[in-house]
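Just below is one structure, and these are the notes that go with it.
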Amino acid sequence: MSPVLAGVLQLIALVAALALAYRPLGDYMAAVYSSPKHLRIEKVIYRCIGAHADAQMRWPAYLRAVLAFSAVGVLLLYLLQRVQGGMPLSLGFASISPDQAFNTAASFVANTNWQSYSGEQAMGHVVQTAGLAVQNFVSAATGMAVAIALVRGFALPRALGSARAGGTPIRTGDLGNFWTDLVRGTVRVLVPIAVLGAVVLVACGAIQNFSGIHEVGQFMGGSQQTNGGAVASQEVIKELGTNGGGYFNGNSAHPFENPDAFTNLFEVFLILVIPFALTRTFGKLVGNVKQGYAVLATMGIIWLGFTALMMWTEFAHGGPALEAAGAAMEGKETRFGIGGSSIFSVATTLTSTGAVDSFHSSFTAFGGGIQLLGMMLGEIAPGGVGSGLYGMLVMAIIAVFIAGLMVGRTPEYLGKKIGTREIKLAACYILITPTLVLGFTAASMVLPDALGSMLNTKALGAGSHGFSEVLYAFTSGANNNGSAFGGLNANTPWYNTTIGLAMLFGRFLPMVFVLALAGSLAEQKPVPETAGTLRTEKPLFAGLLVGTILIITGLTYFPALALGPLAEGLS
């Protein structure tokens, strides 16, 4: 079988698996977030944290809960790393330095999982399991909760007369309860799927233990040290929650995390299944599943288009060396090949996952540009768990606003008018990450210490690939992706601090505007459809939305892309 055909068949199998899971998982999540009943274990958790599960929150209260919970998460994870040297099961590793501990804490709480360290050489079992793995669950559940709050903003107040939450009437402007959404997303969605997924990975060869450090021999002589760990359980939630932080420095290219071609495709499935299924949840909660199909179509068109472009770019090798290798194989695992590596790469850069099964810096120049552009879209195709849906809905608001300008009609989306307040909030949302990315990249390109981190470009100066490394780092951080171009030494005070800030601002400032937007929409009375209402469930709107996303991203980032991957690819 040719490598191209193998890649195409993998993609077809992946699409089929996602299609089979789409409806049942989407309907299940809609039931989870709309059910008036609480499980017994959930009631125990509510009592432990002192939360009144049935109390309704308006957007300021919901936002305060999100920020307070995340701030406590950053502090606890930071402290856990700082005292690692004195804890059991530390494997003899020292405590983490202050700037790196801050960077890692910000990274995992922000659902970014950027790593400026080698996991098997820095983090012991306690930090990996009680710290990093826990944040993999709750940071993903936080993103899902914010997305559901925005969906409720569109859905309410259509049935306020009879709507009640556990006996508490739902008022105009209520968005639900953050603590309830957080616990349900974790207990009912993420944990069950993660348990099943971990069993699959263990059955296929991923490790799951608490062993210490072992000396193992190498084929070419000599030896190296390696340690075990609860890898399968962390690997599955790393992908399922679109987190991306690897137990080992090799991430999902390491055979302990990703043993073979089947697990590689299974992990891609885990990355995509919840973000895609949330569009079905969205349609069910707003009472019109066709609206969910329109959002799904938009995400699917972009994802398939980027995957096809990446596979074409990487398979279109030239020259005798690349032809002898079968394609652009530098930095790629022979277990996965070009097809599997390309599918995985696009899935992780179009979501906020950041896991890698290949060396992104070794992709062709245009392949690296596709990875960059995927993150620059805003992680919305299908995006991170929760963040992809609310990012796409913000872009839908921009699209209906543009359509309204073209026909001279007040824009509406899902029965809610898009007025001055709504469009200002949406505009602020889409401007945050470009400001962080381009601002920090520009600062890094003029500071000698920051330029010195470009390890593979020192002899050539800050060339186009060196610029791409820095641009990639801040694009990844601000968009909460977490992958990197490996030629950049980011474990310095400057990059640890600035990327940490980019991750926190890039995660939580957009949530401020999303929840404010949700509150504004929830306070509106639904507008009845008329003959002039834009049909946002039709293919025409999906096409308009795709065009809006590409045009906004292109206008924002084209000069930076021209200086980086485009210049490198054309040179």
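The values are calculated or read from the model by the stated rules, or taken from the named source; none is laboratory data. The structure displayed is predicted, hence computed values, not measured ones. Here the Cβ is made from the backbone with ideal geometry for all residues, glycine too, and neighbour counts use every protein chain on show. Side chains are part of the model used for accessible areas, which takes the heavy atoms of the whole protein and leaves out ligands, DNA and RNA. Shrake-Rupley method; radii C 1.70, N 1.55, O 1.52, S 1.80 Å.
Could you point to the residue in LEU389, VAL527, MET454 farthest towards the positive end of the chain's charge dipole, with +1 and -1 charges on the Cβ of Lys/Arg and Asp/Glu respectively?
In the chain, that residue is VAL527.
Restricting things to alpha carbons, tell me how big the stretch 300-451 is in terms of Rg and Dmax, in Å.
In Å, with Rg to one decimal and Dmax whole: 19.3, 59.
Sorted by accessible area with a 1.4 angstrom probe, largest first, how do ASP449, ASP260, ASP181 fall?
From most accessible down to least: ASP449, ASP260, ASP181.
Residues with beta-carbon under 12 Å from that of HIS360, excluding HIS360: net charge, scoring Lys, Arg +1 and Asp, Glu -1?
Net local charge, HIS360 excluded: -3.
Return the sequence-ordered ³J(HN,Hα) values of the stretch 85-91 in whole Hz as given by the Karplus equation 6.51 cos²θ - 1.76 cosθ + 1.60 applied to θ = phi - 60°, using x for Gly and Pro.
x, x, 9, x, 6, 7, 6
Please list the non-local residues whose amide H lies under 5 Å from the amide H of ASN227, H modeled 1.01 Å from N, same-chain partners needing a gap of 5 or more.
HIS214
With n ≥ 4 as the cut-off for DSSP H runs, can you work out [θ] at 222 nm for the chain, using -39500 (n - 2.57) per run divided by the number of residues, rounded to the nearest 500?
That calculation yields -19500 deg cm²/dmol at 222 nm.
Rounded if a/c is under 1.5, else prolate if a/b beats b/c, else oblate: with a ≥ b ≥ c from the C-alpha gyration tensor eigenvalues square-rooted, which is the stretch 255-309?
Oblate is the answer for the stretch 255-309, as a/c is 1.5 or above yet b/c matches or exceeds a/b.
In whole percent, what relative contact order does the chain give with Cα contacts below 8 Å and a gap of six or more residues?
Contact order relative to length: 20 percent.
Compute the relative contact order of the stretch 1-143 as a whole-number percentage, counting only Cα pairs closer than 8 Å that sit 6 or more residues apart in sequence.
18
What accessible area per residue, rounded to a whole number of Å², is obtained for the stretch 175-297 using a probe radius of 1.4 Å?
34
Apply the Debye scattering formula to the stretch 79-139, with a single equal point scatterer on each alpha-carbon and no solvent, then give log10 I(q)/I(0) at q = 0.24 Å⁻¹.
-0.98
Taking amide H positions as placed 1.01 Å from N in the peptide plane, with prolines and chain starts having none, which residues 5 or more places from TYR413, or on another chain, fall under 5 Å of its amide H?
Those lying under 5 Å, H to H, from TYR413 are ILE418.
Which value, in nm² and rounded to one decimal, describes the direction-averaged projected area of the C-alpha convex hull of the stretch 398-513?
8.9
Could you give me the ³J(HN,Hα) list for the stretch 478-483, computed from phi with Karplus coefficients 6.51, -1.76, 1.60 and θ = phi - 60°, whole Hz, x at Gly and Pro?
Per-residue couplings from phi come out as 5, 8, 6, 8, x, 7 Hz.
Accessible area of TRP494, 1.4 Å probe, to the nearest 10 Å²?
80
Working from the pairwise distances between different alpha carbons, so that the mean of 1/r is found and then inverted, what is the stretch 463-571's Kirkwood radius in Å?
Radius from the Kirkwood sum: 17.4 Å.
Let a ≥ b ≥ c be the square roots of the eigenvalues of the Cα gyration tensor of the stretch 228-288; is it rounded (a/c under 1.5), or, if not, prolate (a/b larger than b/c) or oblate?
Prolate is the answer for the stretch 228-288, as a/c is 1.5 or above and a/b outweighs b/c.
If you take every residue apart from GLY486 with its C-beta less than 14 Å away from the C-beta of GLY486, what net charge results, scoring Lys and Arg +1 and Asp and Glu -1?
Around GLY486, the surrounding residues sum to -2.
How large is ³J(HN,Hα), in whole Hz, for each residue of the stretch 489-500 in order, when computed from phi with the Karplus curve 6.51 cos²θ - 1.76 cosθ + 1.60 and θ = phi - 60°, using x for Gly and Pro?
Each residue of the stretch 489-500 in turn: 7, 8, 8, 10, x, 5, 6, 4, 6, 5, 5, x Hz.
Provide, in order from the shortest bin, the percent of all Cα-Cα pairs of the stretch 383-439 in each 5 Å bin, continuing until the bin that contains the maximum pair distance.
For the stretch 383-439, the pair-distance distribution reads 4, 18, 25, 24, 16, 9, 5, 0.
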